[in-house]
1. Mind checking which aspartates and glutamates have their Cα closer than 20 Å to the Cα of LYS43? Skip sequence neighbours fewer than 8 apart in that chain.
2. I want to verify a result. In a Gaussian network model of the chain, Cα cutoff 10 Å, which of these has the top mean-square fluctuation: ILE19, ILE38, ILE28?
3. Please compute the Cα-Cα pair-distance distribution of the chain with 5 Å bins starting at 0, giving whole percents from short to long.
4. Would you list, by chain and number, the aspartates and glutamates whose Cα falls below 16 Å from the Cα of LYS18, excluding same-chain residues fewer than 8 positions away?
5. Report the label-to-label distance for ILE3 and LYS18 in nanometres (one decimal), using points 7 Å from each Cα along the Cα→Cβ vector.
6. What value, in deg cm²/dmol to 500, does the helix sum -39500 (n - 2.57) over DSSP H runs of n ≥ 4 give at 222 nm once divided by the residues of the chain?
7. Determine ³J(HN,Hα), in whole Hz, for all residues of region 29-44 in sequence, where each value follows from phi through the Karplus function 6.51 cos²θ - 1.76 cosθ + 1.60 and θ = phi - 60°; x replaces Gly and Pro.
Amino acid sequence: MKIEILKCTVCNDYTLEKICKSCKKPAITPKPAKYSPIDKYGKYRRLAKKNDMDN
């Protein structure tokens, strides 16, 4: 059994449960995505960033 610390998406509290005890909203892992030199989605991320800067 693997236990990891999760972070609530709403109140930013840390918990071990998948649902936050204080606000009853989902919790996600706060870790960044794994780095890979073969970036499958880099093209889309750069395009989204460019579009965001244009607005």
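Each reported figure results from applying straightforward, stated rules to the coordinates on display, with no laboratory input. What you see is a predicted model; the values in this text were computed from it and never measured. Every residue, glycine among them, receives a Cβ derived from its backbone with ideal geometry; neighbour counts consider all protein chains shown.
1. LYS43 reaches ASP52, ASP54.
2. Its mean-square fluctuation being the largest, the pick is ILE38.
3. Whole-percent P(r) values from 0 Å outward: 4, 18, 16, 11, 12, 17, 15, 6, 1, 0.
4. The reachable aspartates and glutamates, counting only those whose Cα sits under 16 Å from LYS18, are GLU4.
5. 1.8 nm
6. It comes out at -7500 deg cm²/dmol, rounded to the nearest 500.
7. 6, x, 6, x, 5, 5, 7, 9, x, 9, 8, 5, 10, x, 4, 6
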